[in-house]
Amino acid sequence: MTQPHSLPDLQALIAQNPQTWRPLVFTNGCFDLLHVGHVRYLQAARARGRRLVVGLNSDRSVQQLKPQAPGYPPRPLIPQAQRAELLLALAAVDAVVVFEETTAIAPLESLKPEIYVKGGDYTPETLPEYPTVAAYGGAIEFVQIEVPTSTSGLIQRILDAGKLQSDPG
């Protein structure tokens with residue numbers, strides 16, 4: 001599938017085939033400017049269960065989470081349909097569901113994945129989804145991927161390269 005699932009359709013699919021979907025792993029993020037760090041992170045998440053569902057922040061929620069900084073282009077750089085298509089092209093990703101909120105609480109409450117994976121820069125105290133996952137008995141695993149790449153870093157490198165090319169001196 002090259003399109004994201006709606007949350008009700010994904011719930012139904014999982015309920016019809018629990019033996020092929022559970023234990024279910026869920027992670028979420030903006031995934032703007034997909035890079036090797038994202039790929040390694042998603043591979044590590046997928047290795048923790050039978051299937052991986054990626055909750056993708058909608059364009060509107062990315063705009064709320066990543067307000068435009070001075071000198072930076074507005075985010076997201078890549079529209080949600082294209083970000084979803086890129087994620088679905090990865091072997092590690094079994095399904096994508098787009099959500100409008102700034103947190104993944106709604107898809108977590110609906111899907112109740114056995115394992116919720118987040119990056120190693122989070123802690124239970126800084127994770128707004130922690131109480132939701134704890135309430136239904138899910139596990140939270142933090143994955144640390146050491147890659148010298150970030151979306152913000154890529155944007156800065158592109159901006160710096162543009163400045164160098166336009167500087168005649």
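The values are calculated or read from the model by the stated rules, or taken from the named source; none is laboratory data. In this text, all values refer to a predicted model and were calculated from it rather than measured experimentally. Glycine gets a Cβ as well: all are built from the backbone with ideal geometry, and neighbour counts include every protein chain shown.
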Checklist entry - So, of the residues in the range 23-37 that are modelled with pLDDT under 95 and either among the aliphatic types (A, V, I, L, M) or assigned to a helix (DSSP H, G or I) (or both), which turns out to be surrounded by the fewest Cβ atoms within 10 Å (Cβ to Cβ)? => result 36
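Here's the yes/no breakdown for (1) touching a Ser or Thr at 6+ places or on another chain (Cβ under 6 Å); (2) polar (S, T, N, Q); (3) surrounded by fewer than 19 Cβ atoms within 10 Å (Cβ to Cβ):
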{"site": "21", "(1), (2), (3)": "no, no, no"}
{"site": "49", "(1), (2), (3)": "no, no, no"}
{"site": "64", "(1), (2), (3)": "yes, yes, yes"}
{"site": "90", "(1), (2), (3)": "no, no, yes"}
Item to check | the range 18-28, subset touching a residue at least 24 places away in the same chain (Cβ under 8 Å) and of a type outside the set (S, T, N, Q), residue nearest to residue 103 (Cα to Cα) | outcome: 26
Next on the checklist: Among the residues that make up the range 98-111, is at least one of them in contact (Cβ under 8 Å) with a residue 60 or more places away in the chain, touching a helix residue (DSSP H, G or I) at 6+ places or on another chain (Cβ under 9 Å) and among the charged types (D, E, K, R)?
Outcome noted: no
Checklist entry - From 78, 145, 115, which residue is crowded, with 16+ Cβ neighbours inside 10 Å and in contact with a strand residue (DSSP E or B) (Cβ under 6 Å, 6 or more places away or on another chain)? => result 115
Checklist entry - So which of 40, 60 is closer than 17 Å to residue 141 by Cβ and surrounded by fewer than 21 Cβ atoms within 10 Å (Cβ to Cβ)? => result 40
Checklist entry - Could you say which residue among 82, 165 is at pLDDT 80 or above and assigned to a helix (DSSP H, G or I)? => result 82
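Which one is modelled with the highest pLDDT among residues in the range 133-161 that are β-branched (Val, Ile, Thr) and out of contact with any Phe, Trp or Tyr (no Cβ under 9 Å at 6 or more places or on another chain)?
To start, the set of residues in the range 133-161 that are β-branched (Val, Ile, Thr) comprises 133, 140, 143, 145, 147, 149, 151, 155, 158.
Next cut, out of contact with any Phe, Trp or Tyr (no Cβ under 9 Å at 6 or more places or on another chain) only: 149, 158.
Numbers: 149: 67, 158: 71.
Out of the qualifying residues, it is 158.
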Checklist entry - So which residues in the range 51-62 are closer than 19 Å to residue 121 by Cα and either in contact with a Ser or Thr (Cβ under 8 Å, 6 or more places away or on another chain) or assigned to a loop (DSSP other than H, G, I, E, B) (or both), if there are any at all? => result 54, 55, 57
Checklist outcome for this item: For the range 6-17, pairs from a residue that is loosely packed, with under 12 Cβ neighbours inside 10 Å to a residue that is assigned to a helix (DSSP H, G or I), with Cβ under 9 Å and 6 or more apart or across chains, are 8/110; 15/21
Checklist outcome for this item: Residues in the range 92-112 that are surrounded by 21 or more Cβ atoms within 10 Å (Cβ to Cβ) and assigned to a helix (DSSP H, G or I) total 3
